[in-house]
1. About the Cα centre of segment A:17-449, what is the dipole size in debye to 20, counting +1 per Lys and Arg Cβ and -1 per Asp and Glu Cβ, all else neutral?
2. For A:ALA357, what charge total do you get from the other residues with a beta carbon under 15 Å from its beta carbon, if Lys and Arg give +1 and Asp and Glu give -1?
3. Set the Förster radius R0 to 35 Å, insert the Cβ-Cβ distance between B:GLU143 and A:THR170 as r into 1/(1 + (r/R0)^6), and round the FRET efficiency to 0.05.
4. For B:HIS21 and B:VAL153, calculate 0.36 nm times their separation in residues minus their Cα-Cα distance, and state this gained length in nm to one decimal.
5. Sort segment A:17-449 into rounded, prolate or oblate with this rule: let a ≥ b ≥ c be the square roots of the eigenvalues of the Cα gyration tensor; rounded if a/c is under 1.5, and if a/c is not under 1.5, prolate when a/b is larger than b/c, oblate otherwise.
6. Once the Cα atoms of helix B:52-72 and of chain B are each reduced to a long axis, what angle between those two axes, in degrees from 0 to 90 to the nearest 10, is obtained?
7. So which of B:LYS44/B:LYS125; A:LYS194/B:LYS124; B:LYS44/B:LYS157; A:LYS442/B:LYS48; A:LYS281/B:LYS137 end up more than 20 Å apart by C-alpha?
8. Across peptide B:137-144, how many C-beta atoms of other chains are within 10 Å of each residue C-beta, on average?
Amino acid sequence: MINTLVRGTFTAREKSFRQVTDEIARPTYSKTAKWWFAGMTLATLMLLFGLWAIYKTITVGLGTWGLNNSVGWGWDIVNFVWWIGIGHAGTAFTIFLIVFRARWAAVFNRTAEAMTVLAVSCAGLFPALHLGRIWLIFFILPYPNTRGPLWVNFNSPLFWDVLAITTYLTLSITLWYFGMIPDLATLRDRSTSKIKKALYGFFSMGWVGSVKNWVRYEAMMKVLGGLAAPLVISVHSIVALDFAISVIPGWHTTILPPYFFIGAIFSGFAMVLTLTIIIRKLYNLQDYITIPHLESITRVLIFGSLVIGLAYVTELFVAWYSGWEFEMFTFLKNRATGEYSSAFWIMVFCNAIAPQAFWFKRVRTSITWMVIISIIINIGMWYERFIIVISSLTHTFLPATWTSFTPTVVDIGIYVGTFGIFFTGMLLFLRYIPSIAMNETKAFSKKSDH
Amino acid sequence: MKTPNIIGIFDNDDQVVEAIHTLKSKNIKIADVHAPFASHHILKDLGKESRIPYGSVLAGAFAIVATFSFIYWTSVINYPIVFGGKPNFSFPAWVVVIYLMTILLTFIGTVIIFQMRTKMNFGKKAELMHIDSTEDKFVMIIEQDADITEKEVQNIKKMLSDHGAIEVRMDN
């Protein structure tokens, strides 16, 4: 049992090591639940809708999207930035756990990392499809070619972005996978089915948990966690630089990198909160994911919300203080009081105002409120990206080019399809891999190790 | 022929730690302990510090030099193109790529070093001493010297039992 002065009791009851395995790994060896099949059917339908939309995009072209001469980045980049943000929480939890040894992060780490891997994969799909001719995607790689060789432009933030996302995906998959190895070995040794034994055995790489291996494993994970820390900050900062380095009013601002980063952590933690509340209920993990665990996330959300709120106010102030009429128009007219004011105020309410309810202990410890507010935050963070991308591009310097943006069914299909990828992946993960790191839970449940 | 090892199976890591202390005080060498989780007391008492982080530093240094050299060669020597009037040697703009490549290559390098050191690989067969050692049992392995007497073996077995070993056996 873990008792801390600030955060309270973390494990509801004393558990034996075997109980920990039995309860956490139950989904991997028990009969598949009916809700799982229902969820999988829905996710597959979403995925099929997405595949149809991708097929249309590739065979017909980008004309099937709602883009126009002024709005070259539309729904796709909004969703790209949103998904990347969702992904950040997993890496943040890994850093909390591995580098800072924050015990409360142990129960979220595995699921959050799975979420990161899936969210970053979903995100990567959008810029790839946006290329139009996706079969030429390898042009972005610096390889010797017959065009000069015309190397890539290493000074371009768009190339930095490709590298950042690729690095981030590689790192997330590796951290997630290596974090699972001791648990895969546990599953290998207790599986009765031959197929499962062979598969878990293949992926557990012969792990036996010898001292030498544990020492090396811990050393490696610390290095990897340490490398993830600067990366998680830089990934969304680099995404922000895609915007900030341009000259478009509303984008050309130095606040964007830290603002994007905190927004990413904020939306990611909100998504982790929503998902873990559902998982804890469906798999009866209330003894492991306790209210103090969930409360810890709400505290991070209060912090994130305050910083996001400050960023919104700062943007408006700087637009006014700059005295530059285009900036003033974008922030004070177009966004706050003009065509996009309803989206703007939804964003402000969802991200800066609603999460303040978490200051109250009753809200912070209520599962219903936690679910409602975490979903509100994710809607708000989507609106934030919509406001940044669309409001700036529809109204740039030349009023003759002013336009509006409406997504097409293909745009919507790809977005729904990414949810299909995400939920299909999550359901498979929950069915075959323990959603909580069993070895970490066992280690942290030992009084002697504190 | 290899002398069989003395194997002690424990339920609890606290018992293992106590047994390690006693055996160490009697100058008995413990070959290994298999544990279901990283018990920091056991690792502290038995484990040597890993040198993997030194390998990571080397991988990072290689990444910095290799990435800088590659960008310099492509952008300044092999096919210099002027982008927006900027100089070909625009070091500040390269920092981001060098930074990301350093993280990526150090990361990959560290994982490769780990796999080389532990000899772990996909599909490798696990050599388990006890089927539950990845779940809830701790296995202590004591290698016998060639000149060890039967009495000493019995003493070690007794020590393990006294410290709560639920099973003591000889094994290869």
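1. Values: 31 positive and 19 negative charges, 368 e Å.
Value, rounded to 20: 1760 debye.
2. Details: positive: A:ARG299, A:LYS361, A:ARG362, A:ARG364; negative: A:GLU295.
Spelling it out: positives minus negatives among the neighbours equals +3.
3. Numbers: r = 40 Å, r/R0 = 1.14.
The computed FRET efficiency comes out at 0.30.
4. Working it through step by step, the gained length comes to 45.8 nm.
5. Details: a/c = 1.81, a/b = 1.49, b/c = 1.22.
Note, shape of segment A:17-449 comes out prolate.
6. The angle comes out at about 10 degrees.
7. Values: B:LYS44/B:LYS125 27 Å; A:LYS194/B:LYS124 16 Å; B:LYS44/B:LYS157 23 Å; A:LYS442/B:LYS48 23 Å; A:LYS281/B:LYS137 30 Å.
Beyond 20 Å: B:LYS44/B:LYS125; B:LYS44/B:LYS157; A:LYS442/B:LYS48; A:LYS281/B:LYS137.
8. On the way: counts 2, 2, 3, 0, 2, 0, 0, 0.
Neighbouring Cβ atoms belonging to other protein chains average 1 per residue here.
Read-outs: derived from the displayed coordinates by stated rules, not from any lab. Given the structure is predicted, the values throughout are model-derived calculations rather than measurements. Cβ atoms come from the backbone with ideal geometry, glycine included; neighbour counts cover every protein chain shown.
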